[in-house]
Amino acid sequence: MNAYEQISLQIPGEVERLMEDRSILREDAQKVILHAETTGRKLLNSATGHFLAFHRPKAVTYWAEYVRTGDDYRLVTAYSHRMAMKSSGSTQEWVKSGSGSEWLCNQCQAPLEEQTVRLQYMQSIFPITLPACSGCGFILVTEELATGKLAAAEQALEDK
Ligand SMILES: [Zn+2]
């Protein structure tokens, strides 16, 4: 049995349908959660108590928002994008706009702030303003961004 299979994950019906549409498998979500829980690399929403984390096993970044109750997990939503977040861990070049976010970096115990970061897809690099952690360089790609603007940009670049 693989380690991720031990993640006891409850997926509500509407989330299951969403994942089907987005070609995300149950094991993709389990791997995100396993990665987040073993490394501590995750965000905590101070308003809802939800966790949000990502994992990029190959050319796709998977995100999972979830709730933890003891050893059980319930998936709130899952999404993916192919564009890579280009952060070397150095945040010195980031331009902070100062506005905060309801998401806290679990590792740094610090709120995310809007910063100018870079995303890369194939040969193209985009500067973009996203909530990110100044401490460790964790960049938040929201579901709205991943399924909207990023999906459209990925499509446009592939069509070139
Ligand atoms: Zn951090």
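The values are calculated or read from the model by the stated rules, or taken from the named source; none is laboratory data. Everything numeric in this text was worked out from a predicted model, so none of it was measured. Quick reminder, even Gly has a Cβ in these numbers, built from the backbone with ideal geometry, and neighbours come from all protein chains shown. Protein only, heavy atoms only, side chains kept; ligands, DNA and RNA dropped before computing areas. Shrake-Rupley method; radii C 1.70, N 1.55, O 1.52, S 1.80 Å.
Per-structure values
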| item | result |
| --- | --- |
| Qualifying residue in the range 141-148 (condition: open to solvent by less than 20 Å² (accessible area, probe 1.4 Å), in a loop (DSSP other than H, G, I, E, B), touching a His at 6+ places or on another chain (Cβ under 7 Å) and within 16 Å of the ligand (Cβ to nearest atom)) | yes |
| Selection count, the range 90-109, where residues are at pLDDT below 90 and open to solvent by less than 40 Å² (accessible area, probe 1.4 Å) | 3 |
| Residues located in the range 34-59, provided they are surrounded by fewer than 18 Cβ atoms within 10 Å (Cβ to Cβ), aliphatic (A, V, I, L, M) and without any contact (Cβ under 8 Å) to a residue 24 or more places away in the chain | A59 |
| Meets criteria (in a loop (DSSP other than H, G, I, E, B), open to solvent by 10 Å² or more (accessible area, probe 1.4 Å) and not β-branched (V, I, T)) for K31 | no |
| Test for I24: is it more than 16 Å from R82 (Cα to Cα), open to solvent by less than 40 Å² (accessible area, probe 1.4 Å), among the β-branched types (V, I, T) and not assigned by TED's automatic domain parsing to the domain that holds T147 | no |
| Where a residue in the range 126-145 is under 23 Å from A156 (Cβ atoms) and its partner, wherever it lies, is more than 16 Å from the ligand (Cβ to nearest atom) and of a type in the set (V, I, T), with Cβ under 7 Å and at least six apart | P127/T116; T129/T116; E143/T77 |
